[in-house]
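J.: Here it is, the structure in full.
No lab work stands behind these numbers, since they all come straight from the coordinates. This is a predicted model, so every value here is computed, not measured. Neighbour counts run over all protein chains shown; Cβ positions are idealised from the backbone, glycine included.
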Amino acid sequence: MRGEGWRNVALGGLILALVGAFLLNLALGSVRIPLSDVAAVLAGGEASKASWTYIILEFRLPKALTAMLAGAALAVSGLQMQTLFRNPLADPYILGVSAGASLGVALVVLSTGAATGFLASVGLLGDLSLILAAITGAAIVTGLVMIVARWLRQAMTLLILGLMMGYATGAVVSILIYFSVPEQIQAYITWTFGSFGGVTWRQLGILAPVIGAGLVVAVLLVKPLNALLLGEDYARSMGVPVGRVRFWIIASTALLAGAVTAFCGPIAFLGVAVPHLCRSLFHTSDHRLLVPATMLMGALIALLADLVAAVPGSRAILPLNAVTALLGAPVVVWIIVRRGNLRSAFAS
């Protein structure tokens, strides 16, 4: 009972921290807006200044909602990857899934036009092209990794395979960049820095349902994921249809990682760091608790990273990927140090 009580308190604390970070994201930036005005706008009223209302509704609110969705999506996809591969350092970025999604986006952006130019003028068709290309690329790479993983039992080899896929997709992107015009190249490079601020309300209308579908699949998979913690043979002995579960994990990961990569760029470290933070906080590997906790923690960390990237009080905006790396890299180092040595850190 004491453990359950602590976990309920921790979940409540996460929710309160998430609400606080959300309000701070709306209040802080190059222009500081009082929390009372933020609350008034969220309640349907007006801020003290008309420009503040515009800033909140047209820029900061969609950015904060995007950060929450993206953080939850990347964290849950990382949790699923770590469980599926039984690998503490697995996540969509490390295993090359995000690289596959990036290649899909690059094929659309660099072959048809800049994301902020041609695709923006196409409107809904451009948005759908981006997200479809990203999800397809993510699904292909995830499927390839899964096929090879059936023959490769060593986690280190699997991670190296993911890195090689990342290098291969990077090589294809480099070739595309070589034959592209400067405007397209600039748009793609800016996109690779990662950002939650470029997502419009129209794009959010596509992003939210896709991420919602991926998260629903993850919630429905909590029992099979718990069974997979002890290996596929054990899961089969418990009556789990491993092949079907593997397919839905791939589908969920492709939806989550692909959708986020399409509109926010390839964001690293959230997927690998957040699940471990949740395991340490709640002292459990039970996915019935880890999945919702990871959603909340991922959304919170993404909001905090975006707040740091916005550099409150300044007009400077830091690359989001740099901030997430500064937050996530120490967690990865902690994982390796905690396990004693690098070899055991990669053990399945």
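J.: For the stretch 2-345, with the dipole built from +1 on Lys and Arg beta-carbon atoms and -1 on Asp and Glu ones, taken about the Cα centre, which of Ser51, Pro275, Val240 lies farthest toward the positive end?
T.: Val240
J.: Given labels modelled 7 Å from the Cα in the Cβ direction, how far is it in nm from Ser285 to Ala213?
T.: 3.2
J.: Another question, then. Just to be sure I understand the rule: take each whole DSSP H helix in the chain, project its Cα atoms onto its long axis, keep it if the span is 30 Å or more and its mean Kyte-Doolittle hydropathy is at least 0.5. Which ones pass?
T.: Helices meeting the span and hydropathy rule in the chain are 2-27, 61-85, 124-149, 155-178, 242-264, 287-309.
J.: Looking at the square roots a ≥ b ≥ c of the eigenvalues of the Cα gyration tensor of the stretch 285-335, which shape do they give, rounded for a/c under 1.5, prolate if a/b is larger than b/c, or oblate?
T.: Oblate, because a/c is 1.5 or more while a/b does not exceed b/c.
J.: I would also like to ask the following. Quick one: length gained pulling Leu144 to Thr200 fully straight, 0.36 nm per residue minus the C-alpha distance?
T.: 16.9 nm
J.: Based solely on its DSSP helices, what 222 nm [θ] is calculated for the chain when runs of n ≥ 4 H residues each add -39,500 (n - 2.57) and the sum is averaged over all residues, nearest 500 deg cm²/dmol?
T.: Computed ellipticity for the chain at 222 nm equals -25000 deg cm²/dmol.
J.: On to the next question. Using alpha carbon centroids, what distance separates the stretch 11-62 and the stretch 186-265, in Å?
T.: If you average the Cα positions of each part, the centres end up 28 Å apart.
J.: Please give the per residue volume of the convex hull enclosing the alpha carbon atoms of the stretch 2-345, rounded to a whole number of Å³.
T.: It is 141 Å³ per residue.
J.: Shifting gears a bit: Leu23 versus Glu46, label points 7 Å from Cα toward the beta carbon: distance in nm?
T.: 2.4
J.: Quick check for me: using +1 on Lys/Arg Cβ and -1 on Asp/Glu Cβ, what's the dipole size of the stretch 2-345 about its Cα centre, in debye to the nearest 20?
T.: The calculation lands at about 840 debye.
J.: If contacts are Cα pairs under 8 angstrom and at least 6 residues apart, what is the relative contact order of the stretch 2-345 in percent?
T.: Relative contact order of the stretch 2-345: 30 percent.
J.: Roughly what would the spin-label model give for Trp334 and Ile189, points 7 Å off Cα along C-beta, in nm?
T.: My value for the distance between the label points is 3.5 nm.
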